[in-house]
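Novice: Handing you this structure, nothing more for now.
The values are calculated or read from the model by the stated rules, or taken from the named source; none is laboratory data. Here the structure is a predicted model, which is why all the values come from computation and not from measurement. Methodologically, a virtual Cβ is constructed for each residue, glycine included, from the backbone with ideal geometry; neighbour enumeration extends over all protein chains shown.
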Amino acid sequence: MALPSIALPGQLLGATDKYLPGPGTHIHEQQIYASIAGPVISSPSPRPSQPPSSSTTPSKSKLVPLLSISRPTSTTDPGILGTGSGGGGNILPEVDAIVLARITRLGPRFATCEILVINDTVCREAFQGQIRREDIRATEKDKIKMEESFRVGDLVRGVVISLGDSGNYYVATERNELGVVMARSDEGRLMYPVSWKEFRDPVTGKGEPRKAAKPF
C-alpha cells in the first residue's frame, strides 16, 4: 500500500509493523490512521523496531519510518502547492475547483459539508459548503434521496459550482468520478465501494447506499 501524499481525518496510512505513529496520527487495531488533514510525512524513526527473537543483535534492527501529518503553516508553502507562487493554505474555493469535503449534516433537500481540501491544497480552516439534492447525480434527479446518497462523516469528492448565500459554497457530485470516497459502516468500519450506489462493510458484508465516486 503506497502512502498518500495528502491525508484526511480517518484515512488509513499503514500497519504498525511497517510504520511508527507520529504527530497527527493514531492507532486502531494495529493500523495507523490520520487524525487531522494534511500532508503525509515519512521520516527516519527515532528508535529501531526489534524483531521478537531474543537472538537479534542491534546491527540487525530494522528502522521503521515514522509517519506524521503536518498542517500548512504559511501562505507560500511550496510543499503543499508544488510551487512557491502564492495561495498556500489560505486559498479560497473557486468555481470548477475539485474539493474534498466531510458531510456534517443532512437535510431533506441538501447536505451540509466542510471543505477540507481544494484541488491539491489542504485548507488551514474548513469552508462551509452545501450539496443540493439536484446536484448529486446527473440522471433521475426526482428519485434522489439524501439518506441514500450521503451519511454524516462521509468524505466526498466534488466540484464547486457557485458561491451561495452567507458564504456557503455550492458543491456538485454529478460526474462519475465525484461522490463519496470514504465511508464508515454503522459499526464504524471503513467500507469499500462495490458499485456507483453502494459501499460494503468488509467484515459483515452488509451494503449501505451511497453516491460513490468512480475510482481513477
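Novice: Suppose the filter is buried (at least 17 other Cβ atoms within 10 Å of the Cβ), at pLDDT 50 or above and more than 24 Å from Tyr169 (Cβ to Cβ); does Ile69 pass it? Can you show your working first?
Specialist: Details: buried (at least 17 other Cβ atoms within 10 Å of the Cβ): yes; at pLDDT 50 or above: yes; more than 24 Å from Tyr169 (Cβ to Cβ): yes.
Against the criterion (buried (at least 17 other Cβ atoms within 10 Å of the Cβ), at pLDDT 50 or above and more than 24 Å from Tyr169 (Cβ to Cβ)), Ile69 qualifies.
Novice: Take Val152 and decide whether it is under 14 Å from Ala212 (Cβ atoms) and in contact with a strand residue (DSSP E or B) (Cβ under 7 Å, 6 or more places away or on another chain). Walk me through how you get there before you give the answer.
Specialist: Values: under 14 Å from Ala212 (Cβ atoms): no; in contact with a strand residue (DSSP E or B) (Cβ under 7 Å, 6 or more places away or on another chain): yes.
Considered against the rule, which asks whether it is under 14 Å from Ala212 (Cβ atoms) and in contact with a strand residue (DSSP E or B) (Cβ under 7 Å, 6 or more places away or on another chain), Val152 comes out as no.
Novice: Residues to consider are Glu134, Glu94, Glu114; find the one that is modelled with pLDDT of 90 or more and part of a helix (DSSP H, G or I). Step through it out loud before you land on a result.
Specialist: Numbers: Glu94 fails: part of a helix (DSSP H, G or I); Glu114 fails: part of a helix (DSSP H, G or I).
Only one candidate qualifies: Glu134.
Novice: For Pro39, which of the numbered conditions (1) at pLDDT below 80; (2) touching a helix residue (DSSP H, G or I) at 6+ places or on another chain (Cβ under 7 Å) fails to hold?
Specialist: (1)
Novice: Follow-up question, since we're still on this one. Note down all Cβ pairs under 7 Å where the first residue falls in the range 8-32 and is assigned by TED's automatic domain parsing to the domain that holds Ala183, the second is outside any loop (DSSP other than H, G, I, E, B) and aromatic (Phe, Trp, Tyr), and they're at least six residues apart or on different chains.
Specialist: Sorted first by the residue in the range 8-32, then by its partner, the list stays empty.
Quick grid of which residues meet (1) loosely packed, with under 15 Cβ neighbours inside 10 Å; (2) in the same structural domain as Thr121 (by TED's automatic domain parsing); (3) without any contact (Cβ under 8 Å) to a residue 60 or more places away in the chain:
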site: Val160; (1), (2), (3): no, yes, no
site: Asp165; (1), (2), (3): yes, yes, yes
site: Asn176; (1), (2), (3): yes, yes, yes
site: Met182; (1), (2), (3): no, yes, no
site: Met191; (1), (2), (3): no, yes, yes
site: Ser195; (1), (2), (3): yes, yes, yes
site: Pro215; (1), (2), (3): yes, no, yes
